[in-house]
Amino acid sequence: MEAVQTNPERRPFSIKLWPPSKNTRIMLVERMTSNLSTPTIFTQKYGSLSKEEAEENAKQIEELAYAAANQFYEKEPDGDGSSAVQLYAKECSKLILEALKRGPVTKVREVPAISEAVLESLFDISKGPRAFIEAEEAEELLAPLKSQSNNYTKICFSNRSFGLGAAHIAEPILASIKDKLKEVDLSDFIAGRPEAEALEVMNMFSAALEDSVLKSLDLSNNALGEKGVRAFGTLLKSQRSLEELYLMNDGISEDAARAVCELVPSTQNLKVLHFHNNMTGDEGALAISEVVKRSPLLEDFRCSSTRVGSEGGVALCEALEGCVNLKKLDLRDNMFGVEAGVALSKALLKYGNLTEVYLSYLNLEDEGTIAIANALKESAPLLEVLELAGNDVTPLAVSSLAECLASMPHLSKLNLAENELKDEGVIQISKALEGHSQLKELDLNTNAVTRVGARVLAKLAVAKPGFQLLNIDGNYISDEGIDDVNEIFKKSPEKLGSLEDNDPEGGDEDEKESDQEGDGEESELESKMKNLDVEDEEE
């Protein structure tokens, strides 16, 4: 994209920070490619992309960010371009995070052509630092929405906290354009306001948008509680075509969950429901399960970190049995236990299109894990991401788990961290993954693995040309074992995660003894496991 030439008379400054040079833009693309494809705090949380996909995303991100910043620069009456540079950087950061949250895919996404029409469809005031917004600034910021010729179908008011003055400016504007809108993002838009003021603002926005025909609504990060949910009742009750609803980090308790169930009566078109990081509990989960039952087209369900126990977990899993189109399921960080795990296995048997499953920290234990593994073996041949970390899984469940993994040729990311697999388990897992050419990330940290298992995992990783990251930290690998692993990764050290928390003195005597037996090229345990075949059991 060519930089727009500016009028020197309009900008008399001798030092101009905008537009950036071609070399600067190329260097930024390279840096973003690295951020998307190499280990960082964000790639460890959301998963990294392949080098090819990271580069493709980085180029697209840079072009979008440049176009937005350049448009902003041209509208400035004067300046050296520093504001445009700041916007350019923040837009890149935001889009990088969005790309990581979407996660890796097995097929390269088609990159749509960037046109003025596409840029004009989104009205976004979330750029810049998180800040309060009052009447005067709202009048200026929202002015483009008043134009009769605007083509905005998506609005994002996130990251700006609206007071009553700003809400009075926004209310008639939103009411005038609501028939055009398809996507509305009101996440984090009343932060820091007194409760009474925040509730009044939410009521005003809700009334202004009543009877709009939205496909996507995001009310996340607003500390709604039951009062907040009901403040949006007018808007929620009027929606008949919603395909995406986001209620994350909203302080939704049992009563608030019941309010959601009551106020969102029409979910027959719902494909995405995200309910992450709330205080829902079992009783609240019963209410949300009713919403799920009314959502037969659901493809992406997230109910992670919601304090749901066994009773609520069973109810949710039974409700999910009717969502046969499910592609992505995230139930992490709840207190399901074995009973809910078995109930979930019955739901999993109904699916045929699963690509991502996140079931870490659910207290599944061996029994729940075996039930889920057996179900996924039958129903998830397309699975790309599987997380089962922190479930107290021992070698007793590994046979079923290995057979499950062997049936998933598209698997790109596997997380079995913080279990009790030991060398015996990880070697069976390694054997099951030998033919998986698309595997890119493998996390087996904190599994009581010693030198024996570490070497097997390292050899598995380096044998895959597209592999990106192996995490085996927090185990009991001896100093000699660390040397072995580093030697195996000597041509690609960036693919080996940190080993700072490894404990070479840890483990019981049997584990230490097994570690010592690994001094040769192959230990006795490796030799036994090398010829292990993972096959599906006949029914």
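The values are calculated or read from the model by the stated rules, or taken from the named source; none is laboratory data. The structure presented is a predicted model; accordingly, all values stated were derived computationally and were not measured. Heads up, the Cβs are rebuilt from the backbone with ideal geometry, glycines too, and the neighbour counts pull from every protein chain shown. For the accessible areas, the whole protein counts, side chains as well, though only heavy atoms, and no ligand, DNA or RNA atoms are used. Shrake-Rupley method; radii C 1.70, N 1.55, O 1.52, S 1.80 Å.
Some points to look at:
- Checking Asp282, Asp250 one by one, the residue that is in contact with a helix residue (DSSP H, G or I) (Cβ under 9 Å, 6 or more places away or on another chain) and more than 29 Å from Ile370 (Cβ to Cβ) is Asp250 and no other.
- Residue count for the stretch 420-445 under the criterion of being at negative phi, touching a helix residue (DSSP H, G or I) at 6+ places or on another chain (Cβ under 8 Å) and either in a helix (DSSP H, G or I) or crowded, with 22+ Cβ neighbours inside 10 Å (or both): the result is 13.
- Failed item in (1) open to solvent by 10 Å² or more (accessible area, probe 1.4 Å); (2) under 25 Å from Arg102 (Cα atoms), with Cys261 passing the rest: (2)
- Restricting Ser176, Ser266 to those that are within 23 Å of Pro144 (Cβ to Cβ), over 23 Å from the mean Cα position of the chain (by Cα) and surrounded by fewer than 18 Cβ atoms within 10 Å (Cβ to Cβ) reduces the list to Ser176.
- The single condition among (1) small (Gly, Ala, Ser); (2) surrounded by 17 or more Cβ atoms within 10 Å (Cβ to Cβ); (3) farther than 25 Å from Glu243 by Cα that Gly165 does not satisfy is (2).
- On the stretch given as the stretch 475-510, residues that are aliphatic (A, V, I, L, M), surrounded by fewer than 20 Cβ atoms within 10 Å (Cβ to Cβ) and in a loop (DSSP other than H, G, I, E, B) total 1.
- The residues listed here are Ala461, Ala454, Ala448; of these, the one that is closer than 20 Å to Glu418 by Cβ, under 29 Å from the mean Cα position of the chain (by Cα), open to solvent by 10 Å² or more (accessible area, probe 1.4 Å) and modelled with pLDDT of 95 or more is Ala448.
- Each residue in the stretch 293-320 was checked for being buried (at least 23 other Cβ atoms within 10 Å of the Cβ), more than 20 Å from Gly368 (Cβ to Cβ) and among the hydrophobic types (A, V, I, L, M, F, W, C), and 1 pass.
- Flag: Asn363 matches the condition of being surrounded by fewer than 20 Cβ atoms within 10 Å (Cβ to Cβ), within 17 Å of Asn334 (Cβ to Cβ) and over 21 Å from the mean Cα position of the chain (by Cα).
Residue by residue, here is whether (1) surrounded by 12 or more Cβ atoms within 10 Å (Cβ to Cβ); (2) modelled with pLDDT of 75 or more; (3) on the phi < 0 side of the Ramachandran plot holds:
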| site | (1), (2), (3) |
| --- | --- |
| Glu2 | no, no, yes |
| Asn7 | no, no, yes |
| Arg10 | no, no, yes |
| Ile15 | no, no, yes |
| Pro20 | yes, yes, yes |
| Asn23 | no, yes, yes |
| Asn35 | yes, yes, yes |
| Pro39 | yes, yes, yes |
| Thr43 | yes, no, yes |
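- Residue match in the stretch 324-344 (condition: without any contact (Cβ under 8 Å) to a residue 40 or more places away in the chain, closer than 20 Å to Lys440 by Cβ and in a loop (DSSP other than H, G, I, E, B)): yes
- The residues of the stretch 351-404 that are outside any loop (DSSP other than H, G, I, E, B) and touching a residue at least 60 places away in the same chain (Cβ under 8 Å), listed by number, are Glu356, Lys377, Val385, Ala402, Glu403.
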